[in-house]
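See structure below.
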Amino acid sequence: MPQKYFTVEEANELIPRLELIMARAQQHRVALLEAITAAARLAGVEAADVDVEALLESEPALRDAVADLGRCLDEIGACGGQIKGLELGLIDFPALRGGEEVLLCWQFGEKEITHFHAADEGFSGRKPLFPD
């Protein structure tokens, strides 16, 4: 399937939906991190050493959170967005700018897309769409 390229307007039309999806995804992320941190504290180990599979097995609500988080990520992908960072809520949209492939860059909380970066750059390479 050929690459879909978004205009700024097309990507901006998705923001209200993405805000809802990303809010839900971040709630699940926080709940999972809190559960892992609590399990680590109880076991006297680092969070990285928690047996996540055992934790999910012992807490069905966490399994539901993981499943819903997966659905959130699938919904974002179905919109054409590329998730670049769940913690900050970063989503990129492929676009063409001056004949060059770029990524329109949206961060959760932004009301519209105002930045882009080259396909081989990340968030730190963001540039304003309309420089002053």
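Once you reduce segment 44-81 and segment 1-30 to the center of their Cα atoms, the two points are 20 Å from each other. Ordering L90, T37, W106 by Cα displacement along the dipole of the chain toward the positive end leaves W106 in first place; charges were set at the Cβ atoms of Lys, Arg (+1) and Asp, Glu (-1).
Compared with the dominant principal axis of the Cα atoms in the chain, helix 60-79 is inclined by about 10°. On the principal axes of its alpha carbon atoms, the chain extends 55, 28, 25 Å, with the longest extent given first. The loop-placed trypsin sites (Lys or Arg not before Pro) in segment 1-96, going by DSSP, that have at most 13 neighbouring Cβ atoms within 10 Å of their Cβ come out as K4. The angle separating the long axis of helix 8-43 from the principal Cα axis of greatest extent in the chain is about 20 degrees. Average accessible surface for segment 15-132: 58 Å² per residue, computed with a 1.4 Å probe over protein heavy atoms with every protein chain in place. Of L69, L20, L32, the residue with the greatest mean-square motion in the GNM of the chain, using alpha carbon springs below 10 Å, is L20.
Measuring nothing but protein heavy atoms, the accessible surface of the chain at 1.4 Å probe radius is 56 percent carbon and sulfur.
The values are calculated or read from the model by the stated rules, or taken from the named source; none is laboratory data. Since the model is a prediction, treat every value here as computed from it, not as a measurement. Methodologically, a virtual Cβ is constructed for each residue, glycine included, from the backbone with ideal geometry; neighbour enumeration extends over all protein chains shown. What goes into the accessible areas is simple: the full protein's heavy atoms, side chains included, and nothing from ligands, DNA or RNA. Shrake-Rupley method; radii C 1.70, N 1.55, O 1.52, S 1.80 Å.
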